[in-house]
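Notes follow once the structure below has been shown.
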Amino acid sequence: MAAAAPWKPRNSGFDLNFKAPSVSNPQGLTPEHLFGAAWAACFNGAVNHVAKEEGHSDEGITVTAQVQLHPDGPQPFSVKFTVGIPDLETAKVRRIMEKARAICAYAKATKGNVAVTFTVG
């Protein structure tokens, strides 16, 4: 597990203080969480793109990612995505998620290296 480490990109408007989860701070903030947030943003863009292609509004679409560390497992972490698309039945949302997964750069880059689950929420 990484020790606390600040990160501040050059010429940016934000900074992060990475801190491994602990008893007093069970959530922590790790580089893996930042990766999950970036992946969620990328996947959100892909979901929005596919939804619009299929004639659905991208208004109100949500994508959340939960990152779970597995330091002793074969894959270092897992990510669970929850996708919400208003006014669409579950089967259509799942179809959009599958198409979005096929075009999302992060999904392509991590295929087979990160345990990923997708749910409709």
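Do the conditions hold for Ala51, that is, is it part of a strand (DSSP E or B) and of a type in the set (A, V, I, L, M, F, W, C)? Taking the combined requirement at face value, the residue does not satisfy it.
Selection of first residues in the stretch 40-52 that are within 15 Å of Ala109 (Cα to Cα) and of second residues that are at pLDDT below 95 and small (Gly, Ala, Ser), restricted to Cβ pairs under 6 Å at least 6 apart or on distinct chains, gives the following pairs, ordered by first then second residue: Ala40/Ala65. Being at pLDDT 75 or above and not charged (D, E, K, R) is true of Asn48.
Considering the conditions (1) modelled with pLDDT of 80 or more; (2) closer than 23 Å to Phe81 by Cα, Val23 is excluded by exactly one of them, (2).
Whether any residue in the stretch 105-116 is touching a Lys or Arg at 6+ places or on another chain (Cβ under 6 Å), closer than 29 Å to Pro26 by Cβ and modelled with pLDDT under 95 is what I want to check. Lay out the reasoning, then the answer.
Within the stretch 105-116, the first condition is being touching a Lys or Arg at 6+ places or on another chain (Cβ under 6 Å), and the residues that meet it are 107.
Next, only the ones that are closer than 29 Å to Pro26 by Cβ stay: 107.
Then keep just the ones that are modelled with pLDDT under 95; that gives 107.
Looking for residues that are touching a Lys or Arg at 6+ places or on another chain (Cβ under 6 Å), closer than 29 Å to Pro26 by Cβ and modelled with pLDDT under 95, one finds at least one in the stretch 105-116, hence yes.
Among the conditions (1) under 21 Å from Phe18 (Cβ atoms); (2) modelled with pLDDT of 90 or more, the only one that His33 does not satisfy is (2). One residue stands out in the stretch 20-70 among those that are surrounded by 12 or more Cβ atoms within 10 Å (Cβ to Cβ), β-branched (Val, Ile, Thr) and more than 19 Å from Val120 (Cβ to Cβ): the one that is farthest from the chain's Cα centre (by Cα), namely Thr30.
Taking the conditions (1) at pLDDT below 95; (2) exposed (fewer than 15 other Cβ atoms within 10 Å of the Cβ) in turn, Arg95 satisfies each one other than (1).
The values are calculated or read from the model by the stated rules, or taken from the named source; none is laboratory data. Note that the structure is a prediction, hence the values are computed from the model and not measured. Heads up, the Cβs are rebuilt from the backbone with ideal geometry, glycines too, and the neighbour counts pull from every protein chain shown.
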